[in-house]
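Each remark here refers to the structure printed beneath this line.
Derivation of every value follows stated rules applied to the coordinates shown; laboratory data play no part. None of these values were measured; they are calculated from a predicted model. Don't worry about glycine lacking a Cβ; one is built from the backbone with ideal geometry, like all the others, and counts go over all protein chains shown.
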Amino acid sequence: MTHYLQNLIQSLDFSSMGDAALRVAAIFLCLTIHETCHGLAALALGDPTAKSMHRLSLNPLRHIDWFGLLLMFVAGFGWAKPVPVAPRYFKKPKQGMAVTALAGPLSNFALALLAMGISKVIYLYMPYTAVWDTVFTFCLYTLAPLSIGLGLFNLIPIPPLDGSKVLGAFLPNRAYFTLMRYERYGLAVLLVLSFLGVGDGFISRAIMTMYAAMFNLFF
């Protein structure tokens, strides 16, 4: 039995396992920042719902939807637990929902910039060690592109993604409520589009374009 376990351990690719662990950590961080900033934006506009439900937290376990997380690996996209928002607290409900929704993607773009900034500091000022090299690689090649991808994906104007709330601020009330009425079918539509590969090329190009623009700011 001991011999079997030794052979099993020797056969494991710890490099790949380490990469997978870092990717999961980046996903947790991106989703946590995204959802927390939704709640903070709603609170700033007068809605205390997220705060009262303890969703203004950097604890990822308060935000992770495990099925949504699984789909991020299987289908290429997923979701966290939506932050509860009560539009009745907003002076202008449609505009308030749009600002609250937009806070999520914008936080992801800010996180990507921060990750690249950290990598630049490491590149310029930190002595080379395995630890700093791992942090540099994680920030520049894992966290930054994942955060950009999450931000851009959420700007797609298909309910329940954030882009639909942003679009709604510019629609007449009748069109807005029609769009929100079909929100329950949005996830099914997104799953079908994902499995069919519809829009993959466009999203990939958008991510690479934004990543390159941010990269050029620092390197």
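Considering only segment 105-116, I want to know if a residue exists there that is over 15 Å from the mean Cα position of the chain (by Cα) and not aromatic (F, W, Y). Yes, segment 105-116 contains at least one residue that is over 15 Å from the mean Cα position of the chain (by Cα) and not aromatic (F, W, Y).
Residue-wise test of (1) under 18 Å from G149 (Cβ atoms); (2) in contact (Cβ under 8 Å) with a residue 40 or more places away in the chain; (3) part of a loop (DSSP other than H, G, I, E, B); (4) of a type outside the set (G, A, S).
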{"site": "H34", "(1), (2), (3), (4)": "yes, yes, no, yes"}
{"site": "G39", "(1), (2), (3), (4)": "no, yes, no, no"}
{"site": "S57", "(1), (2), (3), (4)": "no, no, yes, no"}
{"site": "L70", "(1), (2), (3), (4)": "yes, no, no, yes"}
{"site": "V85", "(1), (2), (3), (4)": "no, yes, yes, yes"}
{"site": "P105", "(1), (2), (3), (4)": "yes, yes, no, yes"}
{"site": "L113", "(1), (2), (3), (4)": "yes, yes, no, yes"}
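Regarding segment 144-159, can at least one residue be identified that is among the aromatic types (F, W, Y), under 22 Å from the mean Cα position of the chain (by Cα) and more than 22 Å from Q95 (Cα to Cα)? Looking for residues that are among the aromatic types (F, W, Y), under 22 Å from the mean Cα position of the chain (by Cα) and more than 22 Å from Q95 (Cα to Cα), one finds none in segment 144-159, hence no. Residues in segment 195-217 that are under 16 Å from L155 (Cβ atoms) and among the aromatic types (F, W, Y): F202, Y211.
Against the conditions (1) more than 18 Å from F67 (Cα to Cα); (2) within 17 Å of the chain's Cα centre (by Cα); (3) not hydrophobic (A, V, I, L, M, F, W, C), R181 satisfies every one except (2).
Within segment 62-93, if we keep just the residues that are touching a Ser or Thr at 6+ places or on another chain (Cβ under 9 Å) and under 13 Å from L31 (Cα atoms), the residue that is surrounded by the most Cβ atoms within 10 Å (Cβ to Cβ) turns out to be V83. Considered as a group, the residues in segment 160-219 that are among the charged types (D, E, K, R) and farther than 30 Å from P87 by Cα include one that is surrounded by the most Cβ atoms within 10 Å (Cβ to Cβ), and that residue is D200.
Those residues that are among the acidic types (D, E) and buried (at least 19 other Cβ atoms within 10 Å of the Cβ), I need them from segment 115-147; list them, please. Matches in segment 115-147: none. Would you call V121 out of contact with any Leu (no Cβ under 9 Å at 6 or more places or on another chain) and either in a helix (DSSP H, G or I) or within 22 Å of E35 (Cβ to Cβ) (or both)? When the stated conditions are applied, V121 passes them.
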